[in-house]
Amino acid sequence: MHLDPLAIVTAFGLIFLAELPDKTMFASLAMGTRMRPLYVWFGTSAAFAVHVALAVGAGSLLGLLPGWTVKLVSALMFGFGAFILLRGGGDDDEEDTGGRTVTGFWPVFSTAFMAVFISEWGDLTQITTANLAATNGTASTAIGSFIALTSVSALALVAGRFIAKRVPLKTVQRVGGVCMAGLAIWSLVEVFTG
């Protein structure tokens, strides 16, 4: 296996910039305000690892999946996330002692994994990874892409934790819920326009 440092840097740069404004980054940020960030990061990283492997190893299979189905499932997952976040934000004068925060490694890991796993199908970064693998080598592209995706997720989680320490939890939950609802609507629009 030959690793090309330039191919790694190229994949990292392209994927990092493409993922920064992506809906997955905002979903990670929202999950990080409600769940343990490290557990969320493990879940998103595992999902990214699977997607990078699929993109590098079998990028041509993505064309066989109906895009509208993937986008519809993604919209439903974001809608569910919005419902959970908005439902959790009760009255303003309530204490933040309610047990509404998702805890435990496996529940957080599986929630983060599924959110990213479903929403990343056919995503620009997955297609870009497949294209780069065809021209720049699979191992180098896989390494650069995986590091870029997990870096964006970590950045979103750090920002989410920073915000959560300075803004009341209920406000963060409401904003996160509205963001998730917006992502659900965006995904639904993509079903009918894409």
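The values are calculated or read from the model by the stated rules, or taken from the named source; none is laboratory data. Here the structure is a predicted model, which is why all the values come from computation and not from measurement. Because the Cβ atoms are built from the backbone with ideal geometry, glycine has one as well, and the counts that use them run over all protein chains shown. Ligands, DNA and RNA are stripped out before the accessible areas are found, and what is left, the full protein with its side chains, is counted by its heavy atoms. Shrake-Rupley method; radii C 1.70, N 1.55, O 1.52, S 1.80 Å.
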Can you run down the residue pairs with Cβ atoms below 8 Å, 6 or more apart or on separate chains, where the first is in region 119-145 and on the phi > 0 side of the Ramachandran plot and the partner is open to solvent by less than 20 Å² (accessible area, probe 1.4 Å)? G137/A7
Hey, among V73, V102, which residue is surrounded by fewer than 22 Cβ atoms within 10 Å (Cβ to Cβ), modelled with pLDDT under 75 and outside any helix (DSSP H, G or I)? V102
Can you find, within region 138-157, the residue that is surrounded by the most Cβ atoms within 10 Å (Cβ to Cβ) among those that are closer than 11 Å to L20 by Cα and more than 11 Å from the chain's Cα centre (by Cα)? A148
